[in-house]
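The values are calculated or read from the model by the stated rules, or taken from the named source; none is laboratory data. Note that the structure is predicted; figures quoted are calculated from it, not measured. Cβ atoms come from the backbone with ideal geometry, glycine included; neighbour counts cover every protein chain shown. The area values use the complete protein model at the heavy-atom level, side chains included, leaving out ligands, DNA and RNA. Shrake-Rupley method; radii C 1.70, N 1.55, O 1.52, S 1.80 Å.
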Amino acid sequence: MCPAPSPTPEPDPPATGQNVTSGAAVHDLTKRFGPVQALGGVTLDFPGGQVTALMGENGAGKSTLLKILTGDHQPTGGRITLEGQPLTLESPARARAAGIRIIPQEPEIIPYVSVAENVYAGALPTSAGRRLDRTELRRRVTADLDRLGFTGVLDPDLLGSQLTPAQRQLVEIMRAVTGEAKVVAFDEPTSSLSEHEVDALFRLIRRLRDQGTAVIYVSHRMQEIFQLADRIAVLRDGNLVGVQDARSTSVDELVRLMVGRDLSTMFTRRRADRGRLVLDVKDLTTEDVRNVNLQMHAGEVVGLAGLVGAGRSELALALAGDRPVLSGTVTLDGQRLRHGRPGEVIRAGLGLAPEERKAQALFLHRSIRDNSSLVVLERLRRLRFVSRAAERKLVQQYADRLRVRAPSIEHEVRKLSGGNQQKVVLARWLARKPKVLILDEPTRGIDVGAKAEIYQIIADLAEEGVALLVISSELPELLGLADRVVVMQNGRVTGELGHEDATEEAVLSLAMADDIAGVTPAGASS
Amino acid sequence: MTTITPQATKDAPPGQGAVGGSRTLLSFVGGQNLSLIGALAVVLALFGILNENYLSVSNMQVIAEAATITGLLAVVQTVVIICGGLDISVGSQVGVASVVSAMVFTSTGDNALLGVAVAVGVGVLVGVLNGLVIVYGRVNPTIATLAGLAAYKGLAQLLSDGRAQGYVLNDDIFVFLGRGKVAGIPAMVWILIAVAVAVHLLLTRTDIGRNIYAIGGNDTAARLAGININKYLVAVYALIGVVAAIAGILLTARTGSGQPTSGSEGLELKAITAAALGGCALRGGKGGIGGTLLAVALLGCLENGLTVEGINSFWQNVAQGALLVIAVVIQQRRSGERAVGLPT
Ligand SMILES: Nc1ncnc2c1ncn2[C@@H]1O[C@H](COP(=O)(O)OP(=O)(O)OP(=O)(O)O)[C@@H](O)[C@H]1O
Ligand SMILES: [Mg+2]
């Protein structure tokens, strides 16, 4: 079951195009999608026993490179070698059999099947007569959960459809590392994980590396890269612009390589006085959220912190009118909001950019323009006819500001890279400029340059009097942005910290208040 | 620095920036419909060679008139498919409207306007009923309208006792609708053109159209963007009811009397075939009127050609079924669907 150790990892100096006998390598790899050159001749090796980080702006070609390695895409040109032997990967099944695994950017989970069956899908244990052997399945899944350190985070009996984004990610990870893996690639695995799961994941990655597996790690989070990586390869516009030794490079150096210019990565917002009360939430209770009280003022940025499953996204959806409210009230600028009618809530002035871009926000077969303008159409229309010129101008403005990378705003959203899709979701709501804007994980999968721009836009909106509620699992980001931080656990607000008191330790201790106090969390399913 | 985008300057195909006046025409026809135009040209050329009368103006008029009723239904079928639904009761709805228009006409002392108005009113009711069953009964659209297919056919037969009803060709309005010409083009065809242009503008130029595409593309996202999905679905089915009623009235005008089933049975198959052939994705969110109309023309020319050549109608059914499958296969190939699992 465990990934077998491959031949002794060789202590390669970090460089490209080397002849290595363990791990995988790509040689002069190119990939075109119609007019878009996603990869322009990349030569790079991924030696066994090392973590090679892959960095680059949104749309630089990272996911494309990984998808070629796993047989999802066929390269336009170039070669792939595994353990020095040439390899053609005509299908994902072939790549899997060869020992190349990926944890994709967007997890693919079978909805009405248990976690255990999701993990072993395609290789379920059977007893005589091909009957599913449930005892063996349970034994295996418990053993694997334990081995990977996910026990307690992931209930093997939950159905795929009941999983949170983090749990879906964990299922993908389990899938990838069962069986014998020679190369394991992680495409932004932590973007939906919280601290706790990230720790478990990092332990797992280090163990894989020590066993001689070649690990490829894609992320936009500098901190993680420096914790994990042995070497860092940077892509820009589909070309390799440098491979750095993780011990001797710096954040600034990497940013310069990625973006092609210097960039301040630190963000601190100038804080203004809070304005009038705009959102007043009283004793709000839904299926997943209990007795939440929250007040927001014009021009204020409130951070919402908590571990995965704390109910932050559920609270956001409840405020947006998309969850049945059991008791309590939500008042926006004096108007009581009814639940079950997201349209009314939006018209009253509350917007939510939801957490899961593909499932909850995007129309993949429509253009960037259509996707971005959806909630501002009523401002762009005359007699119900949408003014195309005004629409184009508005969308172009936000696409430029957020640095959406595409041939034009008429490009279909499904053809964009993950980070660029996220930018389209943000553009939609930033263009709307509601009185209260909830951003659920706004910078998930977004590159450093665009992140800085998003922070600036958030600050500008606050300046203009918008009240913002920002949910983020990246604590430093939240602390840098927020005027105060509200912390949740198990569906309840466990505390609130002013900007001065909001340190990572203080937030975390509130986020785990119950566990620390030894209280058994009720409703353990959340 | 703008980032839309370095690639555009470097890699955009020449001419992409220079889309001006031809843009609207292209967007109406749709790039992917070029293959339909090609197929149409082949069909026209083939039957034109086989039969010298095939390409005559009078035969073209026959084709256009015969295709009008299918065309109307295909146009609204396109709308409902785009928003993720389906309506297989359209043929039966046409039968109801045809019978109602003729019976009201005769029983009100030959009041054509009243006959038309009541037929349209009944169409709205039937459409709204479909919508309500789907939305509030939470019934899958295919099942709900399959029930409608049977029930409305029965209704038309009950109303008419299963026989053709009334005679309407003593009235100028019906004569004009069925036989009249404006600028050398049959009145019926003008009606189709008017409906098609209106629906095309609705889909492409208004916020309503955008919302319809959104609902079919991703209903969760549409809901979170504040679109009242239920309202839209009921309205779309009501629109189908209205247009199916118009088609029923035209059927009455063409045949001279109210027809419970003849002339309307099987229309749902033709309408859905045309929509699919025209590029509608049956899972919703994709499609357009231009493609559908081209497909209607293709089907009409093919059917007429086969008839002119004396090929029996059983074969025509086979050909039509085959076309539907071929259309969807081509569509799936083009969209790069992976050949794994049940297709959507
Ligand atoms: N299926 C596709 N069809 C067309 N273009 C595509 C497709 N997939 C990717 N691209 C294009 O290829 C380029 C590289 O995309 P890729 O997904 O590899 O970026 P990435 O580096 O992973 O970015 P991100 O950090 O946002 O995930 C982008 O310009 C993208 O628009
Ligand atoms: Mg990516």
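When you look at A:Glu441, is it of a type outside the set (Val, Ile, Thr) and closer than 24 Å to A:Ala310 by Cα, yes or no?
yes
Of the residues A:Lys423, A:Lys415, which is within 30 Å of A:Phe186 (Cα to Cα), within 13 Å of chain B (Cβ to nearest Cβ) and buried (at least 23 other Cβ atoms within 10 Å of the Cβ)? Walk me through it before giving the result.
Values: A:Lys415 fails: buried (at least 23 other Cβ atoms within 10 Å of the Cβ).
After applying the criteria, what remains is A:Lys423.
Can you spot a residue in the range B:221-228 that is open to solvent by 40 Å² or more (accessible area, probe 1.4 Å) and either closer than 30 Å to A:Val424 by Cα or assigned to a helix (DSSP H, G or I) (or both)? Spell out the reasoning first.
The initial filter retains those residues of the range B:221-228 that are open to solvent by 40 Å² or more (accessible area, probe 1.4 Å), namely B:223, B:228.
Those left that are additionally either closer than 30 Å to A:Val424 by Cα or assigned to a helix (DSSP H, G or I) (or both): B:223, B:228.
Taking every residue of the range B:221-228 in turn, at least one turns out to be open to solvent by 40 Å² or more (accessible area, probe 1.4 Å) and either closer than 30 Å to A:Val424 by Cα or assigned to a helix (DSSP H, G or I) (or both).
Being within 16 Å of ligand 2 (Cβ to nearest atom) and open to solvent by less than 10 Å² (accessible area, probe 1.4 Å), is that true of even one residue in the range A:196-216?
Yes, the range A:196-216 has at least one match.
Hey, among A:Leu263, A:Leu254, A:Leu204, which residue is modelled with pLDDT under 90 and within 14 Å of chain B (Cβ to nearest Cβ)?
So the residue among A:Leu263, A:Leu254, A:Leu204 that is modelled with pLDDT under 90 and within 14 Å of chain B (Cβ to nearest Cβ) is A:Leu263.
Being at positive phi, touching a residue at least 40 places away in the same chain (Cβ under 8 Å) and within 21 Å of the chain's Cα centre (by Cα), is that true of even one residue in the range A:463-481?
Step one: list which residues in the range A:463-481 are at positive phi, which gives A:465.
Of the ones still in play, those that are also touching a residue at least 40 places away in the same chain (Cβ under 8 Å) are A:465.
Imposing the further condition that a residue be within 21 Å of the chain's Cα centre (by Cα) reduces the set to none.
So far as the range A:463-481 goes, no, none of its residues is at positive phi, touching a residue at least 40 places away in the same chain (Cβ under 8 Å) and within 21 Å of the chain's Cα centre (by Cα).
Is it the case that some residue within the range A:2-25 is within 16 Å of ligand 1 (Cβ to nearest atom), at pLDDT 90 or above and assigned to a strand (DSSP E or B)?
Within the range A:2-25 (the criterion being within 16 Å of ligand 1 (Cβ to nearest atom), at pLDDT 90 or above and assigned to a strand (DSSP E or B)), the answer is no, since none of the residues qualifies.
Of the conditions (1) away from ligand 2 (no atom under 16 Å from the Cβ); (2) within 28 Å of A:Ser191 (Cα to Cα), A:Gly84 clears all except one; give me its number.
For A:Gly84, the exception is condition (2).
Results for (1) in contact (Cβ under 8 Å) with a residue 60 or more places away in the chain; (2) away from ligand 1 (no atom under 12 Å from the Cβ); (3) within 15 Å of A:Glu83 (Cα to Cα), shown as yes or no for each residue.
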| site | (1), (2), (3) |
| --- | --- |
| A:Phe33 | yes, no, no |
| A:Ala38 | yes, no, no |
| A:Val42 | yes, no, no |
| A:Gly49 | yes, yes, yes |
| A:Leu65 | yes, no, no |
| A:Asp72 | no, no, no |
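In the range A:437-472, which residues are away from ligand 1 (no atom under 16 Å from the Cβ) and either closer than 24 Å to A:Phe363 by Cβ or within 14 Å of another protein chain (Cβ to nearest Cβ) (or both)?
Step one: filter the range A:437-472 for residues away from ligand 1 (no atom under 16 Å from the Cβ), giving A:437-440, A:455-472.
If the condition is that a residue be away from ligand 1 (no atom under 16 Å from the Cβ) and either closer than 24 Å to A:Phe363 by Cβ or within 14 Å of another protein chain (Cβ to nearest Cβ) (or both), then A:Leu437, A:Ile438, A:Leu439, A:Asp440, A:Ile457, A:Ile471 are the ones that fit.
Among A:Arg366, A:Arg341, which is the only one that is of a type outside the set (Asp, Glu) and either at pLDDT 90 or above or open to solvent by less than 70 Å² (accessible area, probe 1.4 Å) (or both)?
After ruling out the rest, the residue left standing is A:Arg366.
I'd like to verify a number: residues in the range A:358-385 that are aliphatic (A, V, I, L, M), free of Cβ contacts under 8 Å to residues at least 12 places away in the same chain and more than 7 Å from chain B (Cβ to nearest Cβ), how many?
Adding up the residues that qualify gives 1.
I want to confirm something. Restricting to the range A:386-396 and keeping residues that are at the interface with chain B (Cβ under 10 Å from one of its Cβ atoms) and open to solvent by 40 Å² or more (accessible area, probe 1.4 Å), which single residue is nearest to the chain's Cα centre (by Cα)?
A:Gln396
Determine, yes or no, whether A:Leu154 is part of a helix (DSSP H, G or I) and either within 25 Å of A:Thr81 (Cβ to Cβ) or more than 16 Å from ligand 1 (Cβ to nearest atom) (or both).
no
Between B:Gly85, B:Gly30, B:Gly15, B:Gly20, which is more than 16 Å from ligand 1 (Cβ to nearest atom), of a type outside the set (A, V, I, L, M) and either buried (at least 21 other Cβ atoms within 10 Å of the Cβ) or modelled with pLDDT of 90 or more (or both)?
Numbers: B:Gly30 fails: either buried (at least 21 other Cβ atoms within 10 Å of the Cβ) or modelled with pLDDT of 90 or more (or both); B:Gly15 fails: either buried (at least 21 other Cβ atoms within 10 Å of the Cβ) or modelled with pLDDT of 90 or more (or both); B:Gly20 fails: either buried (at least 21 other Cβ atoms within 10 Å of the Cβ) or modelled with pLDDT of 90 or more (or both).
That would be B:Gly85, the only listed residue that is more than 16 Å from ligand 1 (Cβ to nearest atom), of a type outside the set (A, V, I, L, M) and either buried (at least 21 other Cβ atoms within 10 Å of the Cβ) or modelled with pLDDT of 90 or more (or both).
In the range A:179-191, which residue that is open to solvent by less than 10 Å² (accessible area, probe 1.4 Å) and of a type outside the set (A, V, I, L, M) is nearest to ligand 1 (Cβ to nearest atom)?
Looking at the filtered set, the residue picked out is A:Asp187.
Would you pick out the residues in the range A:348-357 that are more than 7 Å from chain B (Cβ to nearest Cβ) and either within 23 Å of the chain's Cα centre (by Cα) or open to solvent by 50 Å² or more (accessible area, probe 1.4 Å) (or both)?
The first filter runs over the range A:348-357 and keeps only residues more than 7 Å from chain B (Cβ to nearest Cβ), leaving A:348-351, A:353, A:355-357.
Within the range A:348-357, A:Gly351, A:Ala353, A:Glu355, A:Glu356, A:Arg357 qualify.
From A:Thr43, A:Thr30, which residue is at pLDDT 50 or above, surrounded by fewer than 16 Cβ atoms within 10 Å (Cβ to Cβ), in a strand (DSSP E or B) and touching a Ser or Thr at 6+ places or on another chain (Cβ under 9 Å)? Break it down stepwise before answering.
Details: A:Thr30 fails: surrounded by fewer than 16 Cβ atoms within 10 Å (Cβ to Cβ).
The unique qualifying residue is A:Thr43.
Among the listed residues B:Gly216, B:Gly180, identify the single one that is within 14 Å of chain A (Cβ to nearest Cβ) and surrounded by 15 or more Cβ atoms within 10 Å (Cβ to Cβ). So that I can check it myself, show each step before the final result.
Details: B:Gly180 fails: within 14 Å of chain A (Cβ to nearest Cβ).
Residue meeting the stated conditions: B:Gly216.
If you check A:Leu326 against the conditions, is it more than 10 Å from chain B (Cβ to nearest Cβ), at pLDDT 90 or above and more than 23 Å from A:Ala462 (Cβ to Cβ)?
Values: more than 10 Å from chain B (Cβ to nearest Cβ): yes; at pLDDT 90 or above: yes; more than 23 Å from A:Ala462 (Cβ to Cβ): yes.
Spelling it out, A:Leu326 is indeed more than 10 Å from chain B (Cβ to nearest Cβ), at pLDDT 90 or above and more than 23 Å from A:Ala462 (Cβ to Cβ).
In this structure, is A:Arg444 among the basic types (Lys, Arg) and more than 16 Å from ligand 2 (Cβ to nearest atom)?
Here the answer is no, as A:Arg444 does not meet what is asked.
Of the residues in the range B:144-162, how many are part of a helix (DSSP H, G or I) and charged (D, E, K, R)?
Final tally of qualifying residues: 1.
Would you be able to say whether some residue in the range B:133-154 is crowded, with 19+ Cβ neighbours inside 10 Å and more than 18 Å from B:Val80 (Cβ to Cβ)?
Within the range B:133-154, one or more residues are crowded, with 19+ Cβ neighbours inside 10 Å and more than 18 Å from B:Val80 (Cβ to Cβ).
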